[in-house]
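Colleague: For reference, the structure I am asking about is given below.
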Amino acid sequence: GWSRKMSSNKIGACMSRTLLLMQLVKPSSTSVAFIQPVSVLHGMRRMHTLEACTLRFRTRNVHETSLNHPRFFFSGPSDRNMKEELTRMHVTSGNKDVHDSVQDHHQEDEASKVEIADDEVPIEDDLQLQMQKMYQEQQDEDEDYVFEGPKRCGTVAILGAPNAGKSTLLNALVGSKVAIVTHKRQTTRNSINGIAMEGGTQVIYIDTPGIMAPKPKQRLNKAMVKSAWNSARDADEIFFLIDADKIIPGGTGPGRTGRKSAPLTLPVDPERLKLRAGTNEELIMSRLTERRQRYNLILNKVDELEGDRRPVLLQLAETLRLSAGVHDNGESMIKKVFAVSAKTGRGLDALKAYLKDSLPLGPWLYPVDQISNIPMRNLVAEFTRESIFLRAHEEVPYACYVETESYETQPNGSIRIEQTIFVETEGQKKILIGMIKDISTRSRVEMMKFLECTVHLFLKVKLRKGWTDNNQVMYDRLGLDFNA
């Protein structure tokens, strides 16, 4: 027998949710539910959470009941023994302490145990009431999150030119892949939120599309730029990300003009370190100055600086601070300057420590183990769009829109996903059909890494002529302003 009463000790997120389920359902041969955990990386630690889908009870003699629940997903064949399922979950997690805690609790609470027998045991009559009780206990569990000091919560908008490393920085700060990353410009199409806990501070990062000066006929680019500025308007902190490797002379890659950077000669003339008029970086700095919004300057890709280029980093920081101007309060427009490498993680601890104490006091807006507010359908669609960016070239990736039409969890624990890729021209459709197998394989691998289960992906390509210029419905689905 297994106890139905919740242990007072926190015995791990996965098993505590199992005990919550046992409060809701009396296990029997005719009505058994089991939990399928999805391991999510939160910060630098692993926690077990459950897919944000639908709560389902599958039985043989009782019709399937479905209740909406924001954080749990229960499913499973009716003929599985609850004890066997919990044992399987214990073996999978490899957490002996969790198993011992449950056994100890079972011995302490012998009077309230429920024997798993072949006799039919009815489900609780009032499922809705039990559901509310379980959700409230989960909220109480969130309140037990251990931290020091008062609660804080705030938003941080990450701004920058295309290819500055904004999405890479977001993933590094959150500790999990919530934004796709490619070597191509303008990969991020709309604002994406990533959530991280730093002690008693909940940080909501907002990754934005690359800001540039779009041409008059580029409706999609104008909408993306407007989305980025809207995200920064009400943010508590702003991170202005600059590619230091592109600004400092002597790099091996393309410089600020798109050509190979000029050789480095010491001492470096400060004029060579200033942001040139007309560049995307200068456009962002000027716009922030006009808005009178103070910001933090993030010098990214410092891992690319070698030899004599590294000392120039301090000179670059001071030059940009002087160029930014002065705020109305008499202080510099730049609050602080951080040198980081989003790729290697260098310097990120200083960023986290700063946000931990600088964001405003207030209650947390999301559960402590949630890493993004993106619906799962949208996230898996982004994985497919990332594969298109990595596989296709020229204008094809920018003319694609991916929509998840079906997302279903199968009884065996696998997930079946059906997606449609929309393109603008017949030629683009033929190109994608020719590489659809490779795109599907790349996408499925990324999905399985994130979901940690088998994924069955089905893709199809449809033609929607000129959707980037004349289809307001598609813009609404993307969360972009068609009239930007």
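Colleague: In the stretch 385-396, which residues are more than 19 Å from Thr425 (Cα to Cα) and either of a type outside the set (A, V, I, L, M) or crowded, with 20+ Cβ neighbours inside 10 Å (or both)? Give the derivation first.
Modeller: Step one: list which residues in the stretch 385-396 are more than 19 Å from Thr425 (Cα to Cα), which gives 386-387, 390.
Within the stretch 385-396, Glu386, Ser387 qualify.
Colleague: Looking only at the stretch 136-183, filter to residues that are open to solvent by 30 Å² or more (accessible area, probe 1.4 Å) and at positive phi; which one of those is modelled with the lowest pLDDT?
Modeller: Gly149
Colleague: Given (1) under 20 Å from the mean Cα position of the chain (by Cα); (2) farther than 28 Å from Leu451 by Cα; (3) open to solvent by less than 70 Å² (accessible area, probe 1.4 Å), identify the lone condition not met by Lys356.
Modeller: (3)
Colleague: Looking only at the stretch 449-462, how many residues end up being closer than 27 Å to Ile431 by Cβ and open to solvent by 60 Å² or more (accessible area, probe 1.4 Å)?
Modeller: 5
Colleague: Here are Arg321, Arg294, Arg309: which of them is farther than 21 Å from Ser167 by Cα, touching a His at 6+ places or on another chain (Cβ under 6 Å) and in contact (Cβ under 8 Å) with a residue 24 or more places away in the chain?
Modeller: Arg294
Colleague: Report the residue count in the stretch 432-448 for those that are open to solvent by less than 40 Å² (accessible area, probe 1.4 Å) and hydrophobic (A, V, I, L, M, F, W, C). Steps first, please.
Modeller: The first filter runs over the stretch 432-448 and keeps only residues open to solvent by less than 40 Å² (accessible area, probe 1.4 Å), leaving 432, 435, 439-440, 443, 447.
If we keep only those that are hydrophobic (A, V, I, L, M, F, W, C) too, we end up with 432, 435, 439, 447.
Final tally of qualifying residues: 4.
Colleague: If you go through the stretch 350-373 one residue at a time, do you hit one that is of a type in the set (Asp, Glu) and over 30 Å from Asn470 (Cβ atoms)?
Modeller: Within the stretch 350-373, the first condition is being of a type in the set (Asp, Glu), and the residues that meet it are 357, 369.
Okay, now just the ones that are also over 30 Å from Asn470 (Cβ atoms), so 357, 369.
Taking every residue of the stretch 350-373 in turn, at least one turns out to be of a type in the set (Asp, Glu) and over 30 Å from Asn470 (Cβ atoms).
Colleague: For the stretch 427-443, does any single residue satisfy the condition of being in contact (Cβ under 8 Å) with a residue 60 or more places away in the chain, in contact with a strand residue (DSSP E or B) (Cβ under 9 Å, 6 or more places away or on another chain) and within 24 Å of Asn190 (Cα to Cα)? I'd like the intermediate steps shown before the answer.
Modeller: First pass over the stretch 427-443, keeping only residues in contact (Cβ under 8 Å) with a residue 60 or more places away in the chain: 443.
The next check asks that each one be in contact with a strand residue (DSSP E or B) (Cβ under 9 Å, 6 or more places away or on another chain); those that pass are 443.
The next check asks that each one be within 24 Å of Asn190 (Cα to Cα); those that pass are 443.
The answer is yes; a qualifying residue exists.
Colleague: When Leu297 is evaluated against the numbered criteria (1) open to solvent by less than 20 Å² (accessible area, probe 1.4 Å); (2) more than 20 Å from Leu351 (Cα to Cα); (3) within 32 Å of the chain's Cα centre (by Cα), which criterion, by number, is the only one it fails?
Modeller: Result: Leu297 passes all but (2).
Colleague: Given (1) modelled with pLDDT under 90; (2) under 24 Å from the mean Cα position of the chain (by Cα); (3) not aliphatic (A, V, I, L, M), where does Glu403 come up short, assuming only one miss?
Modeller: (1)
Colleague: Applying the selection to the stretch 196-220, what residues are small (Gly, Ala, Ser) and open to solvent by 10 Å² or more (accessible area, probe 1.4 Å)?
Modeller: Filtering the stretch 196-220 down to residues small (Gly, Ala, Ser) leaves 196, 199-200, 210, 213.
Matches in the stretch 196-220: Gly199, Ala213.
Colleague: Taking Leu264 as the residue in question, decide whether it is more than 24 Å from Pro162 (Cα to Cα), surrounded by 14 or more Cβ atoms within 10 Å (Cβ to Cβ) and out of contact with any strand residue (DSSP E or B) (no Cβ under 6 Å at 6 or more places or on another chain). Let's see the steps before the verdict.
Modeller: Working: more than 24 Å from Pro162 (Cα to Cα): yes; surrounded by 14 or more Cβ atoms within 10 Å (Cβ to Cβ): yes; out of contact with any strand residue (DSSP E or B) (no Cβ under 6 Å at 6 or more places or on another chain): yes.
Criteria met by Leu264.
The values are calculated or read from the model by the stated rules, or taken from the named source; none is laboratory data. These figures come from a predicted structure and were not determined experimentally. Glycine gets a Cβ as well: all are built from the backbone with ideal geometry, and neighbour counts include every protein chain shown. For the accessible areas, the whole protein counts, side chains as well, though only heavy atoms, and no ligand, DNA or RNA atoms are used. Shrake-Rupley method; radii C 1.70, N 1.55, O 1.52, S 1.80 Å.
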